[in-house]
Amino acid sequence: MIVVQLKEVGRLIIPDATEALLRGYYQRRWQKERGGVLAGSLKEDGSWVLTHVMPPSPKNRAGRYWYERNREAAQEYLDLLFTEAQGTVVYLGEWHTHPERSFEPSGPDTKMLVDILTTGNIPNGFAIGIIVDSKKRLLIWRQTPNDINPTKPEVFIV
């Protein structure tokens, strides 16, 4: 289990099964980037638990060094989760792979989350980003629309 303390968000808990699923998506040399949305729930103690990782959709577009999530496929996935969990599971953010070792999200990665936060209906007021790098490490960060320097977020590498 991974537990990280995210500024202005609180604790993010990633259970073992969710962690293993994410690490299993690491990008091999010949593969294109892939990704999807993240969903979870808020516990009574104020912790966020990441419980759902959308598998890569065949409707996504990608190349070796870029990835574009299909909005409609992601919304269908989230709507289904929300209905099945009777509203207790909500959108938490985005995940994708990188073809090399990564130590921080790229400018386009942070911009993507800021764009989602400023144009979407995200009631939490934040989004979590996770990158799975070629060494199966997870880079975790949080983004809010009011970040002073959104291109340099606090990053946890686990």
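Only the coordinates and a few stated rules stand behind these numbers; no lab work does. On a predicted model such as this, the values are computed, not experimentally measured, just so you know. Positions of Cβ are backbone-derived with ideal geometry, glycine not excepted, and every protein chain shown enters the neighbour counts.
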key: Selected residue (only one of PRO108, PRO153 is without any contact (Cβ under 8 Å) to a residue 60 or more places away in the chain, under 15 Å from the mean Cα position of the chain (by Cα) and over 20 Å from VAL4 (Cα atoms))   = PRO108
ask   = For residues in region 27-56 being of a type in the set (Gly, Ala, Ser) and surrounded by fewer than 18 Cβ atoms within 10 Å (Cβ to Cβ), which is nearest to THR83 (Cα to Cα)?
value = SER41
query = Of all residues in region 74-89, how many are crowded, with 18+ Cβ neighbours inside 10 Å and out of contact with any strand residue (DSSP E or B) (no Cβ under 6 Å at 6 or more places or on another chain)?
reply = 1
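Could you please find all residues in region 68-111 being closer than 21 Å to LEU12 by Cα and touching a Gly at 6+ places or on another chain (Cβ under 8 Å)?
Here is the first cut: in region 68-111, the ones closer than 21 Å to LEU12 by Cα are 78, 81-82, 85, 87-97, 102-105, 109-110.
Across region 68-111, the qualifying residues are VAL89, VAL90, LEU92, GLY93, GLU94, TRP95, HIS96, THR97, PRO105, ASP109, THR110.
Residues are listed down the side, and each one gets a yes or a no for (1) of a type outside the set (A, V, I, L, M, F, W, C); (2) closer than 11 Å to GLU94 by Cα; (3) buried (at least 17 other Cβ atoms within 10 Å of the Cβ):
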| residue | (1), (2), (3) |
| --- | --- |
| ASP109 | yes, yes, yes |
| MET112 | no, yes, yes |
| ILE116 | no, yes, yes |
| GLY120 | yes, no, no |
| GLY125 | yes, no, no |
| SER134 | yes, no, no |
| LEU139 | no, no, yes |
| ASP147 | yes, no, yes |
| PRO153 | yes, no, yes |
message = Considering only residues that are outside any strand (DSSP E or B) and surrounded by 16 or more Cβ atoms within 10 Å (Cβ to Cβ), which ones fall in region 2-20?
response = VAL9, THR18, GLU19
query = Yes or no: TYR67 closer than 18 Å to ARG34 by Cβ and among the hydroxyl-bearing types (Ser, Thr, Tyr)?
reply = yes
query = Only one of (1) in contact (Cβ under 8 Å) with a residue 12 or more places away in the chain; (2) farther than 28 Å from SER106 by Cβ is not met by GLU84, so which one is it?
reply = (1)
query = Name the pairs: first residue in region 55-72 and assigned to a strand (DSSP E or B), second residue of a type in the set (A, V, I, L, M, F, W, C), Cβ to Cβ under 7 Å, at least 6 apart or on different chains?
reply = GLU68/ALA62
